[in-house]
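One structure below.
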Amino acid sequence: MIYVALGGAIGAAMRYFISDYLGEYTKEMKLPIPTLIINWIGSLLLGVFVVFIEKDNTLLFLGTGLCGGFTTFSTFSVEVVQLLQKKNYIVSILYICITICGCVIGIYLGGLMKSF
């Protein structure tokens with residue numbers, strides 16, 4: 001459990017700093033770009049970790065902890081609800097689709113790394 005906790009703390013801190021940094025450059029955009037990019041990167045990394053690392057403490061640290069703390073489904077969900085409340089229906093549907101498709105593609109591409 002300590003591996004998950006340590007990885008989660010590092011992942012959450014990374015998410016905070018990246019989101020804060022990207023937020024400065026994307027605050028005028030309608031799409032929540034920082035969360036989108038973070039979830040895409042986290043999914044790609046998880047795809048790599050799952051194919052390269054045996055199920056042991058390293059995978060618990062990197063996969064469950066780091067990627068779990070780094071990515072955020074809850075923030076994504078809040079942002080979708082906020083877009084819907086602002087009646088940005090098209091943007092919210094676009095955000096849902098590109099987030100989910102991008103994350104699934106990220107996992108797939110990460111898994112393909114083993115082929116190289």
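Values quoted throughout were computed directly from the atomic coordinates according to the rules given, and no laboratory measurement underlies them. On a predicted model such as this, the values are computed, not experimentally measured, just so you know. Every residue, glycine as well, gets a Cβ built from its backbone with ideal geometry; the counts of neighbours run over all protein chains shown.
Taking the Cα atoms of the range 2-115, report the difference between the largest and smallest coordinate on each principal axis, in whole Å and largest first.
46, 29, 22
Students often check this: by mean Cβ neighbours within 10 Å, which of 37-47, 90-100 ranks highest, and how do the rest follow?
Top of the packing list down: 37-47, 90-100.
Residues of the range 1-44 with backbone nitrogen within less than 14 Å of a virtual label 7 Å along the Cα-to-Cβ line of Asn57, please, listed as ranges.
The answer is 1-7.
What are the GluC sites (Glu not before Pro) within the range 1-109 that DSSP puts in a loop, where the Cβ has at most 16 other Cβ atoms within 10 Å?
Counting only loop positions with at most 16 other Cβ atoms within 10 Å, the GluC sites (Glu not before Pro) in the range 1-109 are Glu28, Glu54.
Once both labels are modelled 7 Å past Cα along the beta-carbon direction, what's the Thr26-Met113 spacing in nm?
2.0 nm
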